[in-house]
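This report refers to the structure that appears directly beneath it.
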């Protein structure tokens, strides 16, 4: 069975990373030199895919790598164990090293070689169960530095949804992390977060533990000139004829948003497949767009309902979508500003200039306009 023509629902393969080669090279160079980096942006714009490709290239260069996602953890101990596992995999080649350590029979069956790989790390076969949550966490936070030092390796650790760390562990986690991380040599950290406001505060607020610990880099948009050859090649791989102007229409409908563009292309492709046609036309693009909007409607409905719990937000959303002035007579400007700030904090819109905003997801903008017609 062949995989879907366009990747959906998770980190994409390296061949599907569109238009970000220079940025990836820059990240690899910075991390190789020990510079930690923070990337913030809304979900579904490709942060995790970028990060995994960076880690893959770092690993190919001989570095140790570890990746953990705070959305996956239920508590402090869960996070600590996952970080330890991710770090130890560089030595053992085992995805869940601590599970092996918990089972003496399996550990002993692994032979002396397995024990030798871990003995200098002061891990006994009963280690995880004998330590308190705080002891396990401190060991996890120290481990990247220990491995980098003892194995003389560059170590790169990626934290996804980093702003959720205090929710998963405790409010003091950032201070605790900084205390460990700032003393480590040969370790660079890649911090990802979908809540830009929180991430900007964590790394830019003077009173915050991670103030200026990592350089904050904007994630570049994918240019139309990068999308066109990628989409053209993808359709050509299934013997579908395309035209640059028709492909541009796909990008205009999706606004170049990474996941929405992939999703729209996928719906266009299935429309062609179901009709037995192998020539991409504007009619098929519009049919695919209508199908994509129907499929996204439940997601957009939930977003709209959630946002509309705040005063003025629904009205402000429509006016922004329609390109109208949100500040109106009879409504206090502070109320409108709070609504706009909320939309920015939720990564629905971005400020481009004084009083000027754009939707992060243009297809959501079109959906809003349809709802108010």
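Using a Förster distance of 35 angstrom, determine the FRET efficiency expected from the C-beta separation of residue 207 and residue 121, and round it to 0.05.
Efficiency computed from Cβ-Cβ geometry: 0.50.
For 203, 372, 191, what's the fewest-to-most ordering of other Cβ within 10 Å of each Cβ?
Arranged by neighbour count, lowest to highest, 203, 372, 191 become 372, 203, 191.
Using 0.36 nm per residue of separation minus the Cα-Cα distance, give me the extension gain between residue 358 and residue 318 in nm, one decimal.
Working it through step by step, the gained length comes to 13.2 nm.
Quick check: pseudo-label points 7 Å beyond the Cα along Cα→Cβ at residue 150 and residue 278, how many nm apart are they?
5.9 nm
Quick check on the exposure proxy: order 262, 293 from fewest to most C-beta atoms within 10 angstrom.
The fewest-first ordering by Cβ neighbours comes to 293, 262.
Given the C-alpha atoms of region 20-216, compute the convex hull and give its volume per residue in Å³.
Enclosed volume per residue, from the Cα hull, is 114 Å³.
Once the Cα gyration tensor of region 226-320 is diagonalised, what are the square roots of 5 times its eigenvalues, in whole Å and ordered largest first, as equivalent ellipsoid semi-axes?
31, 14, 10
What spacing in nm lies between the two simple spin-label points modelled at residue 369 and residue 238, each 7 Å away from Cα in the Cβ direction?
According to this spin-label approximation, the distance is 2.8 nm.
Separation between the residue 270 and residue 185 pseudo-spin-labels, each 7 Å from Cα along Cα→Cβ, expressed in nm?
With each label placed 7 Å out from Cα toward Cβ, I get 5.5 nm.
Give me 356, 32 ranked fewest to most by other Cβ atoms within 10 Å of their Cβ, as a rough exposure proxy.
The fewest-first ordering by Cβ neighbours comes to 356, 32.
Which part of region 211-248 falls in the paramagnetic zone of residue 13, meaning amide N under 20 Å from the point 7 Å along Cα-to-beta-carbon?
Zone members listed by number: 227-240.
Show me the ranking of peptides 359-370, 237-248 by mean Cβ neighbours inside 10 Å, starting with the highest.
Listed from highest to lowest mean packing, they are 359-370, 237-248.
Could you pull out which residues in region 31-56 have an amide N less than 20 Å from a spot 7 Å beyond the Cα of residue 69, following the Cα-Cβ vector?
Hits in region 31-56 for residue 69 at 20 Å: 38-56.
Between region 346-373 and region 30-84, what's the alpha-carbon centroid distance in Å?
30 Å
For helix 224-236, report the angle its Cα long axis makes with the longest principal axis of the Cα atoms of the chain; keep it between 0 and 90° and round to the nearest 10°.
90 degrees
Apply 1/(1 + (r/R0)^6) to the Cβ-Cβ distance of residue 131 and residue 59, taking R0 = 30 Å, and write down the FRET efficiency to the nearest 0.05.
The calculated FRET efficiency here is 0.55.
Roughly how compact is the chain, stated as its Cα Rg over 2.2 N^0.38 Å to two decimals?
1.14
Compute the long axis of helix 333-345 from its Cα atoms, compare it with the longest principal axis of the Cα atoms of the chain, and write down the angle in degrees, 0 to 90, nearest 10.
60 degrees
Any idea what % of Cα-Cα pairs in region 245-291 are farther than 16 Å?
Roughly 25 percent, rounded to a whole number.
Figure the gain on full extension for residue 337 and residue 94 (residue separation times 0.36 nm, minus the Cα-Cα span) and round it to one decimal in nm.
82.3 nm
Over all directions, how big on average is the projection of the convex hull of the alpha-carbon atoms in region 308-373, in square nanometres?
4.4 nm²
Please work out how much length the chain gains when fully extended from residue 297 to residue 26, using 0.36 nm per residue of separation minus the C-alpha to C-alpha distance, in nm with one decimal.
Using 0.36 nm per residue and subtracting the Cα-Cα distance, I get 93.8 nm.
Report, to the nearest 10°, how far helix 47-60 tilts away from the longest principal axis of the Cα atoms in the chain, using its own Cα long axis and a range of 0 to 90°.
40 degrees
Where a number appears in this text, it was derived from the coordinates with a stated rule and is not lab data. Keep in mind it's a predicted model, so treat the numbers as computed, not measured. Cβ: placed from backbone, ideal geometry, glycine included. Neighbour counts: every protein chain shown.
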